[in-house]
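Notes follow the structure.
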Amino acid sequence: MDPVKSLGRGVLRWLGFGVLPLSLLLGCGGSVEPPDMTEEARGDQCVEPVDVIRKDHGKILTHERDHAVRDGVRNPDHGFVSCIDCHVASDARHSEPETHFCASCHTFNAVSVDCFECHRDRPSASAHLHSLNPHAPAPEFAWEADQQDVTATLAETGLLLPPSEDATQ
Amino acid sequence: MSRKNASLSRRQFITGAAAAVAGVTVAPGVFLMRSAEEKTAEGVRWGLLIDSNRCGDCNACVTACHAENGVHGMDRPRTDAQWIRKVDLRDPGTGHTRSLPVMCQHCENPPCADVCPTGASFRREDGIVLVDKHTCIGCRYCMMACPYKARSFIHEPLAGQAAHAPRGKGTVESCTLCVHRIDRGEGTTACVEACHELGNGAMTFGDLNDPDSAISRELAEHGGSAIRADLGLNPGVRYQGI
Amino acid sequence: MTAKPQLRALDGQSRGYYALLGVLLAAIGFGLLAAALKSAHGHHITGMDNQIVWGLPHVFAIFLIVAASGALNVASIASVFGRRIYKPLAPLSGLLAVALLAGGLAILVLDLGRPDRLVVAMTHYNFKSIFAWNIFLYTGFMVIVLVYLWFLMERRMNAHAPAVGMVAFVWRLVLTTGTGAIFGFLIAREAYDAAILAPLFIAMSFALGLAVFLLVMLTAYHWTGRPLGDLILRRLKNLLAVFVAAVLYFVVVYHLTNLYATRLHGVEAFLLVSGGIYPLLFWGVQILLGSLVPLVMLFHPVWSRSRRVIAAASGLVILGGLAQLYVIIIGGQAYPMDMFPGYEVSSSFHDGVVAPYTPTLVEFLLGIGGVGLALFLVAVAVRFLHFLPVSLADHKVDPHHSAGSATETAPAGG
């Protein structure tokens, strides 16, 4: 076999299988605009800081759903229905992603979750917008003795806000 | 009642502190979840008592249940879901007839939960038998196993569900004993409510474990039986007059 | 000493082979199409409903799963019971077992309401459920048989093959017990709830698996023109007849037991006399065509020498097995549950009436797809791997065999 020829073939192969497809991929890496939030139903404020909820809403929902379904531990702040009530317009359809708060972003990010195969994808008429729960126990709530250390830990990490601060809603 | 107050304050603890704790990111993607548990009421066993002597030719419970839970038929009787149905009985010997509603009997030892491969069918601590639709794979073995024919499979894609009653194609469902109402502390179900408002007042909802509840007192005084008591499943739904 | 059996892959260049692959691929395609239709529209496009929750796909799937464990018989006889004559056929036997199981499981999974949640079934287990056990039994069976095949075909591992063969044999008995118990453990329905369903399914697996094996073997040797002696064939057909008789025995005991209990007279009358299609399938197809006729064909001193007769008898046994599973699975659901003994029952949810069931094309295609997948796996494997003995001529399988003994009746074996 002619060494030059075989070298040439190797280079061609390398180009064909490696460089060209990669450069095509690089060409795709332009900037993309995320979809607009559906303004009319975005809500004013979320139950968690935006960067937390943006990244981890899926985790929060999956973590707590088993408690909710199996043990009856229903946390209204993290309930699926509450998310929908606040963020989804009442005429939105998950099958038309551009109208739907959740579906628009999931579609944009190529995330395929099947929540809406069973869950109602829009607020029920009676319960549009839940009152946002302040990130703290209710003012009259008294900590039990064995929970004191939990409070301390929470306060240290700055996550337990004083009850008065944002309980205005 | 002191008990109610206690549970109220515990719930507030959850809605506040739990939300905060759930947000603690120990490391990226790792969550410190709350340790406190607001759970199903302790020591409770929810049940129904149905007096078939009072129940007549009336469909109020069925209509109310299906309206409450967003169970709409597609005009395909063989595949449409029915969470509750009126069953008519006739004694061929005497010609005596009666009618009574049958729904999930919320067994203490539910065969559906026994056979479910993924554990999607389960019994809550307060006695309510449910399907966790997050883990139901739609194998329908529970429907083979249920002696009460209480379960339905969803045969087509759905939209417009009730917010509190998620239901979707390819999963199995049945009466939830209006678990959303129970968790809100309403102490009744759609069928029982309708039975008293529009029907013959034949249904009672209550805590079978509380000797002072109306359902327990009625059962203690007049007795009651279970459908297919021979199977030893100890259902939470009891009947009088059968 | 027997010479080491020579196993060779098929040449597989013929048009016939590619035509076969084409047909099987088409069957798989139809199966996938059916699955896609089902997942788009839901199960209402099938004949299944809230009364008959398991239908024709389950008949196909359970047939394939039961036949899978039975297809391992030949290998087990060689490795567990030490009959050297069957040894050359052990690899084909193991291959069929794996392929049939794969086909059956594919149907089961694609018939789920949420086949996309297969991973849930792999990560969430309820160990009280016989279904959950079966997931382990099926996957375990596949792994064990694959290891067994490897040991058979890898010279250095040959010595360990009998040990793995023993494990595989025990495992397949447990597996078929598990499959029978899917029905045997159902307390709710009159036709099920019987421990005898487990041994009945084991007997069925012996018969159906061997029937499938015989058909595949006859076809392969006929099409490839490789020599196939009467010696091994005669033993296998006698074995098949014994298995068919065993199934018949368990069927008789099952029905006699039920007929003795007054409370089960209703369901027995339904299945045996008044239930329309079910008695017809039971008496006409399962008993007559699927058991008695094959028994006569297989034991008849003259007819049973013909390969066509053996093939036809195997086909009839398979047909009878399908009918039997149809009666068990669908007949058992069609009969109304006796919720209120002593009362006539009626409701909008079809209480107290016999549930009608008409399978649709979608279900049939899904079942055919599973069968296609199983046979496709076999066809590809024998083409590329050394599964089929080059010769099964009498002097090859048994060197002590002489022309004079050819006319003697071979012992039934097993």
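Throughout, read-outs are computed from the coordinates displayed, never taken from laboratory work. Given the structure is predicted, the values throughout are model-derived calculations rather than measurements. Please note: Cβ atoms are built from the backbone with ideal geometry, for glycine as well, and neighbour counts cover all protein chains shown.
Using a Förster distance of 35 angstrom, determine the FRET efficiency expected from the C-beta separation of C:Gln13 and C:Thr358, and round it to 0.05.
Working from the Cβ atoms, E equals 0.20.
So what J values fall out for segment C:181-194 if you push phi through Karplus, 6.51 cos²θ - 1.76 cosθ + 1.60 with θ = phi - 60°, rounded to Hz, Gly and Pro as x?
5, 3, 8, x, 8, 7, 6, 6, 9, 5, 6, 9, 6, 9
For the peptides C:137-149, A:59-71, A:106-118, what is the packing order when you average, over each peptide's residues, the other Cβ atoms within 10 Å and list the highest mean first?
Ranking, from highest mean packing down: C:137-149, A:59-71, A:106-118.
Using 19 Å as the cut-off for backbone N distance, which residues of segment B:84-115 belong to the label zone defined by a point 7 Å from the Cα of B:Arg54 along Cα→Cβ?
B:85-87, B:98-103
If the elastic network links every pair of Cα atoms under 10 Å, which of C:Ala27, C:Ala261, C:Ala78 fluctuates the most in the Gaussian network model of chain C?
C:Ala261
Calculate the all-directions average of the projected area of segment C:74-188's alpha-carbon convex hull, and give it in nm². All intermediate terms of the calculation are to be shown ahead of the outcome.
Values: hull surface 33.6 nm².
Across all orientations, segment C:74-188 yields a mean hull projection of 8.4 nm².
Rounded to the nearest 500 deg cm²/dmol, what is the calculated helix-only ellipticity per residue at 222 nm for chain C, with -39500 (n - 2.57) per DSSP H run of length n ≥ 4? Don't jump to the answer; show the numbers that get you there.
Numbers: 14 runs with 244 residues, N = 414.
Rounded to the nearest 500, it is -20000 deg cm²/dmol.
What FRET efficiency do you get for C:Val252 and C:Ser348 if R0 is 30 Å and r is their Cβ-Cβ distance, rounded to the nearest 0.05?
Step by step, r from the Cβ atoms, then E = 0.15.
Most mobile of C:Ser347, C:Ser291, C:Ser306 per a Gaussian network model of chain C (Cα springs, under 10 Å)?
Comparing C:Ser347, C:Ser291, C:Ser306 in the GNM, the peak value goes to C:Ser347.
Taking amide hydrogens as modeled 1.01 Å from N in the peptide plane, which residues meet the under 5 Å criterion relative to A:Asp121, leaving out close sequence neighbours?
Close amide H contacts, sequence-distant or interchain: B:Gly160, B:Gln161.
Could you tell me how far the Cα centroid of segment C:166-239 sits from the Cα centroid of segment C:1-77, in Å?
15
Of B:Val44, C:Val74, C:Val378, how do they rank once you tally other Cβ atoms within 10 Å and put the fewest first?
By the 10 Å Cβ count, ascending: B:Val44, C:Val378, C:Val74.
What list of ³J(HN,Hα) couplings, whole Hz, do you get for segment C:232-239 from phi and the Karplus terms 6.51, -1.76, 1.60, once you set θ to phi - 60° and write x for glycine and proline?
Running phi through 6.51 cos²θ - 1.76 cosθ + 1.60 with θ = phi - 60° gives 5, 5, 5, 5, 5, 5, 5, 4 Hz.
Just tell me how shielded C:38-49 is by partners: mean number of partner chain Cβ atoms within 10 Å of each residue's Cβ, no decimals.
Per residue, the average neighbour count from other chains is 5.
Give me, ordered by chain and number, the residues 5 or more places off C:Met337 or on other chains with an amide H under 5 Å from its own placed amide H.
The answer is C:Gly352.
Can you tell me the dipole magnitude for chain C around its Cα centre, using point charges on the Cβ only (Lys, Arg +1; Asp, Glu -1), in Debye to the nearest 20? Don't skip to the answer; put the middle values down first.
Working: 24 positive and 16 negative charges, 332 e Å.
Approximately 1600 debye in magnitude.
Amide H to amide H under 5 Å from B:Val87: which residues, 5+ apart in sequence or cross-chain, H placed 1.01 Å off N in plane?
Close amide H contacts, sequence-distant or interchain: B:Leu100, B:Val102.
Counting only other chains, and only Cβ atoms inside 10 Å, what mean value do you get across the residues of C:118-124?
4
Could you identify which residue out of C:Leu112, C:Leu239, C:Leu365 has the top mean-square fluctuation in a GNM of chain C using Cα springs shorter than 10 Å?
C:Leu112
Sorting check: for B:137-148, B:86-97, which peptide has the highest mean count of neighbouring beta carbons within 10 Å, and how do the rest follow?
So the peptides B:137-148, B:86-97, ranked by packing, come out B:137-148, B:86-97.
Just grab the label-to-label distance for C:Asp230 and B:Met74, each label 7 Å out from Cα along the Cβ direction, in nm (one decimal).
Modelled inter-label distance: 6.0 nm.
Please compute, for peptide B:148-155, the average count of beta-carbon atoms on other protein chains lying within 10 Å of each residue's beta-carbon.
Across B:148-155, the average partner-chain Cβ count within 10 Å equals 6.
Enumerate the calculated ³J(HN,Hα) couplings along segment C:132-147 in order (Karplus 6.51 cos²θ - 1.76 cosθ + 1.60, θ = phi - 60°), each rounded to whole Hz, writing x wherever the residue is Gly or Pro.
Computed from phi, the couplings for segment C:132-147 are 5, 4, 4, 4, 5, 4, 5, 5, x, 4, 4, 4, 4, 5, 5, 4 Hz.
Calculate the FRET efficiency for C:Val302 and C:Tyr260 from the Cβ-Cβ distance with a Förster distance of 45 Å, rounded to the nearest 0.05.
The value I calculate is 0.65.
Which loop-located trypsin sites (Lys or Arg not before Pro) does segment C:20-94 contain, where loop means any DSSP state but H, G, I, E or B and the Cβ has at most 15 other Cβ atoms within 10 Å?
Here the trypsin sites (Lys or Arg not before Pro) that fit, given the DSSP loop and packing criteria, are C:Arg83.
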